[in-house]
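A short worksheet on the structure shown next.
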Amino acid sequence: MFKERIKELFAVHDIYFFGIADLHNISHIRDGKGELFRKAVSFAVPMNAEIMGGIKQGPTKRYADEYARVNEKIDSVSSMLVSTIEESGYTAKPIPASKRTDPKNIKGGFPHKTAATQAGMGWIGRNCQLITRKHGPWVRLGTVFTDLPVQPDDPVTKSYCGDCRKCIEACPADALVGNLWHPGISREELLDVWVCDQWKKKHYYRFNQGHNCGICAAICPFGK
Ligand code: SF4
Ligand code: SF4
């Protein structure tokens with residue numbers, strides 16, 4: 001019943017790709033009563049495919065604008081989902097679409113990607129991004145923690161990158177390590193986030209103060 005309501009809410013905003021993540025033993029996010037959230041609604045908003053296909057040599061103004069537009073949409077839909085859940089008598093807490101709460105280690109509070117793999121939406125590619133079957137990595141993710149009584153989806157537990165190494169070869173900063181993802185692997189075993197961040201700040205500062213690159217997503221054969 002709740003899943004249908006979530007589906008309807010998303011459909012109004014042209015979002016058709018979501019899942020329920022089981023976060024037992026993973027979550028460190030607490031609700032207002034200090035209880036750990038054990039589930040999350042994870043959803044994906046596709047990026048414009050023409051814009052994504054056009055950044056194989058580096059970010060563009062159109063990409064930076066699209067990135068900002070999709071983030072804004074995710075935050076707005078997350079907020080609506082929180083209201084809907086709370087009106088039903090349950091609790092919910094959104095993760096901002098793009099916010100570094102730990103700038104020193106260059107990360108946010110809880111990885112959207114972890115919720116998304118647990119919700120069965122895709123795997124983490126060699127490019128350290130969520131790869132969905134439908135759009136590859138050409139999506140941005142939203143996550144809303146909740147205690148709604150909904151059945152979680154089956155997680156994705158293996159990589160489908162196979163022998164592909166296109167993102168490794170395309171990265172101008174040489175920041176991708178090349179390992180295949182599996183649940184529990186650390187981010188550092190996939191990506192040197194410091195090298196990636198410094199490259200973006202040095203070469204693409206004019207795009208969202210060096211927050212955007214996108215080459216390793218644009219080059220991915222699953223992208224569409
Ligand atoms: S975002 Fe750019 S610099 Fe960072 S890993 Fe991907 S291609 Fe390399
Ligand atoms: S470009 Fe290839 S290796 Fe990289 S994430 Fe996509 S499928 Fe995986």
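Straight-line reach from Lys200: which lysines have a Cα under 28 Å away, not including same-chain ones fewer than 8 places off?
Within the straight-line limit of under 28 Å, Lys200 reaches these lysines: Lys56, Lys61, Lys73, Lys99, Lys104, Lys107, Lys113, Lys134, Lys166, Lys224.
Among Met80, Leu130, Tyr204, whose Cα sits farthest toward the positive end of the charge dipole of the chain (+1 at Cβ of Lys/Arg, -1 at Cβ of Asp/Glu, about the Cα centre)?
Tyr204
Using Cβ contacts closer than 10 Å as the measure, can you line up Asp192, Asp174 from fewest to most?
Ranked by crowding around the Cβ, least crowded first: Asp174, Asp192.
List, in the order given, every pair from Lys39/Lys158; Lys7/Lys202; Lys7/Lys201; Lys158/Lys202 whose Cα-Cα distance in the structure shown is over 31 Å.
Violating the 31 Å Cα-Cα cut-off are Lys7/Lys202; Lys7/Lys201; Lys158/Lys202.
Given springs between every Cα pair under 10 Å in a Gaussian network model of the chain, which of Gly136, Gly184, Gly125 has the largest fluctuation?
Among Gly136, Gly184, Gly125, the largest mean-square fluctuation in the Gaussian network model of the chain belongs to Gly184.
Just to confirm my understanding: which cysteines in the chain have no other cysteine beta carbon less than 4.7 Å from their beta carbon?
Cys128, Cys161, Cys164, Cys171, Cys196, Cys213, Cys220
For segment 1-49, report the % of Cα-Cα distances exceeding 13 Å.
That fraction is 65 percent.
Got a sec? How would Trp123, Trp194 order by Cβ neighbour count within 10 Å, fewest to most?
Trp194, Trp123
If you wrap a convex hull around the Cα atoms of segment 2-218, how much volume per residue is inside, in Å³?
Per-residue hull volume (Cα only) is 116 Å³.
Provide Val70, Val177 in ascending order of the number of other Cβ atoms located within 10 Å of each residue's Cβ, fewest first.
In increasing order of surrounding Cβ atoms, one gets Val177, Val70.
We did not get these values from a lab; they are worked out from the coordinates using the rules stated. Just so it is clear, the structure is predicted and the values come from calculations on it, not from any experiment. Glycine also receives a Cβ, built like all others from the backbone with ideal geometry; neighbour counts cover every protein chain displayed.
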